[in-house]
Protein chains: 2
Amino acid sequence: MTKKYQVVGIGNAMVDVLTHMDEDFLLAEGIEKGIMQLIDRQRAVDLYGKVGPAIEMSGGSAANTIAGIAHLGGACAYVGKVRDDQLGAIFAHDLRAQGADYETRFAPADAEQETGRCIVIVTPDGERSMNTYLGVTEHLHPSDIDESQMAQAEWIFLEGYRFDGPDSHAAFAKAIAACKQAGGKVSITLSDPFCIDRHRAAFARMLREDVDLLFCNRAEMTSMYQTDDLDAALDLAAEEVDIIACTDSEKGAYIVAGGQRWHAPAVPTRIVDATGAGDLFAGAFLWGLTHGYDPQTSGRMGCVAASEVISHLGARVEKDLKELFVASALI
Amino acid sequence: MTKKYQVVGIGNAMVDVLTHMDEDFLLAEGIEKGIMQLIDRQRAVDLYGKVGPAIEMSGGSAANTIAGIAHLGGACAYVGKVRDDQLGAIFAHDLRAQGADYETRFAPADAEQETGRCIVIVTPDGERSMNTYLGVTEHLHPSDIDESQMAQAEWIFLEGYRFDGPDSHAAFAKAIAACKQAGGKVSITLSDPFCIDRHRAAFARMLREDVDLLFCNRAEMTSMYQTDDLDAALDLAAEEVDIIACTDSEKGAYIVAGGQRWHAPAVPTRIVDATGAGDLFAGAFLWGLTHGYDPQTSGRMGCVAASEVISHLGARVEKDLKELFVASALI
């Protein structure tokens with residue numbers, strides 16, 4: 001029986017606040033370049049008061065991935081928590097307008113917590129330094145997981161970042177069980193090396209027991225398997241996980257599946273804003289895989305999508321990805 | 001004595017919701033292309049539910065002008081009403097982060113009204129069709145005008161659109177009186193031909209009695225003086241107003257002052273989004289005029305700024321305008 005969804009993503013529902021600042025600002029504010037750092041509400045207010053004019057766009061790592069799949073016409077849904085506020089409405093609108101199912105799971109009214117936001121500071125080199133106030137999205141609870149929805153997914157896609165919350169491990173476990181029981185498969189992104197440091201044991205167990213498809217980049221792969229040797233890490237991962245898609249910045253991506261390894265070359269572009277590269281890689285890869293394309297071709301689709309999203313501001317696709325796939329002779 | 005502000009703007013405080021849709025969508029929704037139409041809250045909700053993914057950016061016609069002056073380093077302030085909500089915070093942040101003074105005038109808590117927003121539908125030709133839900137910004141009241149602030153302005157800049165509110169005529173009259181009494185001057189933009197149709201008599205009186213500098217485009221100028229002949233309209237306007245800056249799309253702008261008329265050529269560019277062209281023309285013109293440049297040079301600055309803002313999405317400047325002025329040998 002055909003399932004309703006090719007992919008259901010679970011992650012941090014966020015609105016990105018994108019602003020251009022120089023390297024000196026990062027230094028003065030003690031912001032680590034190129035990574036995601038968690039900040040509390042007061043820091044979010046203080047930092048926002050210091051950055052320049054900004055634009056607001058829906059973000060969230062897994063949400064960007066799901067938006068990419070929806071853009072390609074894939075049947076997909078998203079689970080993540082917002083509050084009933086203006087930023088929550090923006091997040092929900094953009095995902096639904098792209099064609100993804102999203103049943104808003106509102107947090108209970110609470111004066112302290114709002115819809116999550118990420119202050120993305122883009123430096124002149126196009127690198128992005130993310131400052132994330134999680135807000136209500138931190139409180140994803142097992143009760144927010146609809147088992148029948150997970151059973152309707154060919155794949156679920158889990159965002160590593162979402163592990164940064166008290167009830168989320170249990171929520172993920174519930175989603176995995178419901179998906180697997182119905183014959184579905186599990187994919188995960190490790191999100192970033194610091195996220196791995198925070199949740200290494202939980203990730204290791206999931207990779208051993210639950211995960212069928214692993215998304216990561218070079219730094220995450222070597223951090224996860226605690227070796228500097230990417231090849232060795234890929235071999236270790238391949239013992240646990242069926243398919244591995246490991247991105248490597250301007251070198252492209254390595255795909256491992258069925259005892260084979262392929263290299264998918266990066267598609268050169270001028271980097272305007274690196275936000276969303278990994279997210280859109282995963283989106284295009286999952287779209288390919290669920291539409292009859294092999295892992296190698298899906299990896300090349302991922303590289304095309306990543307190249308598109310870093311060529312402009314924001315982590316959602318602008319150009320027609322299918323046209324780009326055609327231009328690259330992938331479909 | 002030097003005044004604190006070169007320009008204080010008064011207008012509709014709005015956040016723009018920018019989305020790309022095709023011409024068919026405009027037809028299906030009965031949206032008139034290229035103009036601003038007022039919509040109520042319910043229509044704003046309905047229309048937002050129908051448009052594609054969007055990005056949010058601070059907007060508001062006079063606010064765009066003031067942001068442009070602030071970007072150039074001019075001393076300026078803005079008056080316009082938001083609500084104490086997330087969109088209001090975004091609007092206030094972006095203006096202050098650009099360097100303009102903005103004392104938030106919050107509307108009283110009211111379940112029905114929120115911070116104003118404009119759903120800007122950008123068609124493939126770069127033209128923008130604006131659907132404005134005014135929200136609380138409609139209720140600008142004389143009590144929101146600080147006479148001492150108006151007395152500290154070399155120029156005040158009035159947004160024609162802001163006439164669409166019950167107490168705003170009185171608010172404008174109060175601002176004009178306070179500014180003039182302290183030796184300041186009054187500029188106005190007529191905003192659009194439909195705005196003129198709504199407020200022709202009030203505009204005519206202000207042009208006769210109060211206005212020292214008139215901003216408009218060809219359609220507004222000919223509508224205001226009810227003639228198809230732009231030259232005739234400019235002559236009529238010149239009898240009433242000291243300086244006239246009339247834009248004419250790809251032809252550039254006509255500047256009339258001291259019995260002379262100049263043509264400022266448009267600066268060719270690829271139009272991505274026409275939003276803000278007139279606003280930034282006015283901002284650069286006012287900056288030039290208040291920094292010792294003659295009306296002709298100020299008009300050329302206006303054309304450079306308009307060209308910059310239509311070359312990308314959104315109505316706030318991205319590139320360094322002073323560098324562009326240098327490149328055009330204007331400063």
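In summary, residue A:267 fulfils each of the numbered conditions (1) free of Cβ contacts under 8 Å to residues at least 40 places away in the same chain; (2) out of contact with any Asp or Glu (no Cβ under 7 Å at 6 or more places or on another chain) with the single exception of condition (1). Looking across the stretch A:115-135, the residues that are within 17 Å of residue A:10 (Cα to Cα) and either part of a loop (DSSP other than H, G, I, E, B) or free of Cβ contacts under 8 Å to residues at least 60 places away in the same chain (or both) come down to A:115, A:134.
Just so you know, in the stretch B:155-184 the residues that are buried (at least 21 other Cβ atoms within 10 Å of the Cβ) and of a type in the set (D, E, K, R) include one that is farthest from the chain's Cα centre (by Cα), and it is B:162.
Checked against (1) under 13 Å from the mean Cα position of the chain (by Cα); (2) surrounded by fewer than 24 Cβ atoms within 10 Å (Cβ to Cβ); (3) not charged (D, E, K, R), residue B:280 meets all criteria but (2).
Being modelled with pLDDT under 95 and either over 28 Å from residue B:86 (Cα atoms) or among the aliphatic types (A, V, I, L, M) (or both) is the filter here; which residues of the stretch B:135-168 pass it? Within the stretch B:135-168, B:136, B:140 qualify. Entry remark, the stretch A:82-114: residues being modelled with pLDDT under 95, in a loop (DSSP other than H, G, I, E, B) and more than 8 Å from every other protein chain (Cβ to nearest Cβ) number 11 in total.
Residue B:60 falls short on exactly one of the conditions (1) more than 9 Å from chain A (Cβ to nearest Cβ); (2) of a type outside the set (Asp, Glu); (3) on the phi < 0 side of the Ramachandran plot, and that condition is (3). For the stretch B:45-81, the candidate set comprises residues that are part of a loop (DSSP other than H, G, I, E, B) and of a type in the set (A, V, I, L, M, F, W, C); within that set, the residue that is surrounded by the most Cβ atoms within 10 Å (Cβ to Cβ) is B:72.
When A:85, A:101 are checked against the criterion of being closer than 21 Å to residue A:142 by Cβ and surrounded by fewer than 23 Cβ atoms within 10 Å (Cβ to Cβ), A:101 stands alone in meeting it. Among the residues of this structure, residue A:7 counts as one that is over 21 Å from residue B:97 (Cβ atoms), aliphatic (A, V, I, L, M) and touching a helix residue (DSSP H, G or I) at 6+ places or on another chain (Cβ under 9 Å). The set of residues from the stretch B:44-57 being in contact with a strand residue (DSSP E or B) (Cβ under 8 Å, 6 or more places away or on another chain) and more than 7 Å from every other protein chain (Cβ to nearest Cβ) comprises B:44, B:47.
Within the stretch A:283-313, being at pLDDT below 95 and in contact with a Cys (Cβ under 9 Å, 6 or more places away or on another chain) holds for no residue. Against the conditions (1) within 11 Å of another protein chain (Cβ to nearest Cβ); (2) in contact (Cβ under 8 Å) with a residue 40 or more places away in the chain, residue A:74 satisfies every one except (1). Residues that are assigned to a loop (DSSP other than H, G, I, E, B) and in contact with an Asp or Glu (Cβ under 6 Å, 6 or more places away or on another chain) do not occur anywhere in the stretch B:142-157.
When the stretch B:35-44 is filtered for residues that are among the hydrophobic types (A, V, I, L, M, F, W, C) and either in a loop (DSSP other than H, G, I, E, B) or touching a His at 6+ places or on another chain (Cβ under 9 Å) (or both), the ones remaining, listed by number, are B:35, B:39. Using the structure shown, decide if residue A:4 is at the interface with chain B (Cβ under 10 Å from one of its Cβ atoms), among the basic types (Lys, Arg) and surrounded by fewer than 24 Cβ atoms within 10 Å (Cβ to Cβ). It is false that residue A:4 is at the interface with chain B (Cβ under 10 Å from one of its Cβ atoms), among the basic types (Lys, Arg) and surrounded by fewer than 24 Cβ atoms within 10 Å (Cβ to Cβ). So which residues in the stretch B:285-318 are touching a residue at least 60 places away in the same chain (Cβ under 8 Å) and among the charged types (D, E, K, R), if there are any at all? Correct list: B:316 only. Scanning the stretch A:199-232 for residues that are closer than 23 Å to residue A:165 by Cα and acidic (Asp, Glu) yields a total of 3. In the stretch A:193-212, the residues that are free of Cβ contacts under 8 Å to residues at least 60 places away in the same chain form Cβ pairs under 9 Å with partners that are basic (Lys, Arg) and part of a helix (DSSP H, G or I), at six or more places apart or across chains, as follows: A:210/A:180. Of the residues examined, residue B:32 is not one that is part of a strand (DSSP E or B) and over 17 Å from the mean Cα position of the chain (by Cα).
Selection of the stretch A:183-220 for residues being out of contact with any Ser or Thr (no Cβ under 9 Å at 6 or more places or on another chain) and small (Gly, Ala, Ser) yields A:183, A:184, A:187, A:201, A:202, A:204, A:219. The single condition from (1) of a type in the set (D, E, K, R); (2) closer than 30 Å to residue A:71 by Cβ; (3) within 13 Å of chain A (Cβ to nearest Cβ); (4) free of Cβ contacts under 8 Å to residues at least 40 places away in the same chain that residue B:29 fails is (3).
With respect to the conditions (1) within 27 Å of residue A:311 (Cβ to Cβ); (2) outside any loop (DSSP other than H, G, I, E, B), residue A:273 lacks only one, and its number is (2). Screening the stretch A:160-267 for strands (runs of 3 or more DSSP E) wholly inside it with 1 or more residues that are in contact with a helix residue (DSSP H, G or I) (Cβ under 8 Å, 6 or more places away or on another chain) and of a type in the set (Val, Ile, Thr) returns the ranges A:185-189, A:243-247, A:253-257.
The values are calculated or read from the model by the stated rules, or taken from the named source; none is laboratory data. On a predicted model such as this, the values are computed, not experimentally measured, just so you know. We place every Cβ from the backbone using ideal geometry, glycine too, and count neighbours over all the protein chains shown.
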